[in-house]
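Colleague: Sharing a structure here in structure tokens format.
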Amino acid sequence: MLALGFFVTALLYASVGFGGGSTYSALLALVGFDYRLLPIVALCCNIVVVSGSTVRFARSGLVPWRGALTLALVAAPLAFLGGLTPIKEATFLLLLGLSLILAGLALLLPRSPESEGQPAPAARWMGFAAAPLGYLAGLVGIGGGIFLAPLLHLTRWNRARQIAATASLFILINSIAGLVGQLTKNGPERFAEALGGALPLLVAVIAGGQLGSLMAQRLLPEKVIRWLTAALTIWAGSQLLLR
């Protein structure tokens, strides 16, 4: 059932350009997985899902490299620091639950039409928003793109497909930086311990991520997929907070 949950999460998130790390973390927490190892598994799943998306965006020429790398490289050192930061279990679960609910609500924000014109003045300050998202990414095992993308849409930072490509690259780089921080904090031997029982989950997200990125948008409108993803995310966050 956990592998099925990971498969569905990867399918939904990949179809809208995200990795799903926040929901992977929640599902693991709900089944009692060791919270110290939990971000390692979630970040590895994130990397698996968004690597394929990033390659496809790059091959299609959709990645605005200068802007995307600027945002990612501002956030990555803070993602590493987030991974290094010691945190108590209750604080970790509280932050994760709140992050999930906010992420779900962010998915429900309206997307600006392509024709709305020039970027808003706030678009040039998105680097300042990227920094705390990087720290949160490393701390609780998420990529941060699910928060970044709505801000980029609201400020008309770029066109929709370029924003999706930017979010994918942002998640990939921050997940790698956060994972390095987590392994530095807990010791490299924790990597094998965390993934020892998680291989079925990695297989599930590989399959779900590929199917989501290739097929889901052809089967359902993107708005419906975002609503489903938001519902799953808010439900998982609510369950954590209730516990």
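FYI, it's all coordinate maths here, none of it is from the lab. On a predicted model such as this, the values are computed, not experimentally measured, just so you know. Every residue, glycine as well, gets a Cβ built from its backbone with ideal geometry; the counts of neighbours run over all protein chains shown.
Colleague: What do you get for the angle between helix 65-84 and the principal long axis of the chain? Use alpha-carbon atoms, 0 to 90 degrees, nearest ten.
Modeller: Approximately 20 degrees, to the nearest 10.
Colleague: Moving on to the next point. Hey, what angle do you get for helix 199-211 against the long axis of the chain, alpha-carbon based, 0 to 90 degrees rounded to 10?
Modeller: Long axis of 199-211 versus the principal axis of the chain: about 10 degrees.
Colleague: Using a 10 Å cut-off on Cβ atoms, rank the peptides 170-179, 153-162, 229-238, 122-131 from the highest mean neighbour count down.
Modeller: So the peptides 170-179, 153-162, 229-238, 122-131, ranked by packing, come out 170-179, 229-238, 153-162, 122-131.
Colleague: Would you please state which residues of region 152-181 a label at Gln118 would reach in this model, taking the label point 7 Å out along Cα→Cβ and a backbone N cut-off of under 14 Å?
Modeller: Answer for region 152-181: 156-157.
Colleague: Give the label of the value calculated from the structure for semi-axes √(5λ) of the Cα gyration tensor in Å, choosing from (1) 32, 21, 14; (2) 26, 20, 17; (3) 34, 19, 16.
Modeller: Step by step, semi-axes √(5λ) of the Cα gyration tensor in Å for this structure corresponds to label (2).
Colleague: Here's something else I'd like to know. I want the local charge near Arg36. Using Cβ-Cβ distances under 15 Å, sum +1 for each Lys or Arg and -1 for each Asp or Glu among the other residues.
Modeller: -1
Colleague: If you place +1 on the Cβ of every Lys and Arg and -1 on the Cβ of every Asp and Glu, how big does the dipole about the Cα centre of region 115-243 come out, in debye to the nearest 20?
Modeller: 300 debye
Colleague: Rounding to the nearest 20 debye, state how big the charge dipole of the chain is about its Cα centre with +1 on each Lys and Arg Cβ and -1 on each Asp and Glu Cβ.
Modeller: Computed charge dipole of the chain: roughly 480 debye.
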